[in-house]
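The values are calculated or read from the model by the stated rules, or taken from the named source; none is laboratory data. Quantities reported herein were computed from a predicted structural model and do not represent experimental measurements. Please note: Cβ atoms are built from the backbone with ideal geometry, for glycine as well, and neighbour counts cover all protein chains shown.
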Amino acid sequence: MNERDEEKDASALEPRAPQASPTELAVAFGSRSLQWMPIVLRLSWRTPPGILLAILAFVVAQQGWLAPLLGLTRPAEITLGIVLVAAILWMTEAVPLFVTSLLVLALELTWLAPALAIAAPSATLFLNAFFSDVTLLFLGGFVLSAGLERTGLDRRLAQTMLRRAGRSPNRVLLAMMLTTALLSMWMSNTAACALMLGLAGSVLAKVPEGDGFRKALLLGIAFSANLGGIATPIGSPPNAIVLRYLQAAGHAPSFGLWMLLAAPLLLVLLAVAHVYLGRRFPTRVEEVELDGGVVVPFGRPQALVIVVLALTIIGWLLGGALSITPGTVALLPVVVFFGTNLLHTRDIRTLPWDVLLLIGGGLALGAAIDQSGLAAWAGERLPTEGVPALVLTAIVALLAVGLSAIMSNTAAANLLAPMIVGLSGAMPAPLLVVAAFACSLAMPLPVSTPPNAMAFGFGMKADGTRGELAARDMIIPGTVMTLVGLIALAALAALWFPALGFP
């Protein structure tokens, strides 16, 4: 018997797998086909129309149909086409937002640069805008946030404030809101909201179902995360985008001045939100039993983060006097945290690079609008001459709120900032700051901001069953806070900005 015969006999002795029925084969084929279905079929309903509209905008600009109608130069027409493509994709979210930013940069380098007669090496104008000092500033903020989270200092701060607040529901709500706003000033409002919602789970563990305190606490955390981002240049992406335009105009406020500009608005709106939520959602609970949870022991890593955080804040506050840009100061936590192995390579991979790319795309878009002459063209045709400053401020704030309510507030700032800079007969600096603040005030819907969406999804079951909040629980308070915020912002721009000598 040869080797092949032995193999046949051995295989004959092995148990054979049962033959699959035609039905089982069809199911198996169907499950295998799902491997390619995500690429073709599992698309949002907004993707096909969004992409088609973007392609249409590109074709219209490419064919030169806009220039004779609007009186545009060829570079301005191309830039308008890029703006339309970006606006459509950002509003429909047909593709991830950061993909649109990269597309903006690609179109500028391959489509706009030749029309401007810019040589390839000189096209770095758009690349420099894409990764500017402001982008570096936000990178440092993200690294600081990662350091606080890694060492447990964020949770320690939150729990310390809760212990000092006492057990009264009113005081617990205030403490949670203040802590959320404080964290949101220095870290992503999404991260701050996620942390505080985690603590909210333990706070609400012994609060009866249906009690008003449950809704008030969740909404208070979401609204405070939105508002806290107003207070510092690194608090939210719209702040960073606007800061870049202010730097180009020579009216950029220092880190400390920005905080002074925002402080009254933040404090007033936090107070209004606290009182309003407490009265709209009354509670029957007299005392809240707090679950302390596990606190990371204080050691050298925690001390290092505190020292670096303090030095970074001091550098941001005093950098102007020392001729050091905020982005340069932001390198301190990046170098120290990764240089001392407090953070590792895997941590830098988990940073929200999509947000940085989104910011960069908006800044590159602004550079194109300025260089192509589109900003000057728009400024000449917008009827701003003779319009009272308060009316113009109100229009900008309403536009910012309206756009941010239906799309990413970062994308809204990307679209509005270059338009504001191009306005004729108007001081752009205060309007830019108003636009940045207003982008953070848009919170009427669950989809308006990530903190709103996270609070709305709190307690939601896997089968989609409603969680703690119904849509009306957020829409009505969110609309009230947005309207109050707009009124307070108008007063702030009219009275507080001039009092501080800004611009």
Which of the residues that make up region 422-446 are under 20 Å from residue 502 (Cα atoms) and at pLDDT below 80?
422, 423, 424, 425, 426
Does any residue in region 174-200 that is in contact (Cβ under 8 Å) with a residue 24 or more places away in the chain and under 21 Å from residue 333 (Cβ atoms) come within less than 7 Å, Cβ to Cβ, of a residue that is among the basic types (Lys, Arg) and in a helix (DSSP H, G or I) six or more places away or on a different chain, and which pairs are these?
195/155
Quick one: in region 299-358, which of the residues that are small (Gly, Ala, Ser) and free of Cβ contacts under 8 Å to residues at least 40 places away in the same chain is nearest to residue 127 (Cα to Cα)?
323
Which condition does residue 53 not pass, out of (1) modelled with pLDDT under 85; (2) closer than 24 Å to residue 366 by Cα, if it passes all the others?
(1)
Does residue 55 qualify as being surrounded by fewer than 16 Cβ atoms within 10 Å (Cβ to Cβ), under 24 Å from residue 354 (Cα atoms) and of a type in the set (Val, Ile, Thr)?
yes
Which one is nearest to the chain's Cα centre (by Cα) among residues in region 49-69 that are in contact (Cβ under 8 Å) with a residue 40 or more places away in the chain and farther than 17 Å from residue 110 by Cβ?
50
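Per-residue answers, yes or no, for (1) in a helix (DSSP H, G or I); (2) at pLDDT 90 or above; (3) surrounded by fewer than 19 Cβ atoms within 10 Å (Cβ to Cβ); (4) not assigned by TED's automatic domain parsing to the domain that holds residue 471:
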| site | (1), (2), (3), (4) |
| --- | --- |
| 232 | no, no, no, no |
| 240 | yes, no, no, no |
| 284 | no, no, yes, no |
| 311 | yes, yes, yes, yes |
State whether the residues of region 127-142 include one that is over 30 Å from residue 344 (Cβ atoms) and crowded, with 22+ Cβ neighbours inside 10 Å.
yes
What are the residue pairs meeting all of these: first residue in region 101-115, first residue buried (at least 17 other Cβ atoms within 10 Å of the Cβ), second residue of a type in the set (S, T, N, Q), Cβ atoms under 7 Å, and 6 or more apart or on different chains?
112/79; 112/372
Residue 148: closer than 30 Å to residue 343 by Cβ and in contact with a helix residue (DSSP H, G or I) (Cβ under 6 Å, 6 or more places away or on another chain), yes or no?
yes
Given the conditions (1) of a type outside the set (Gly, Ala, Ser); (2) over 17 Å from residue 148 (Cα atoms); (3) under 28 Å from the mean Cα position of the chain (by Cα), every one holds for residue 332 apart from (2)
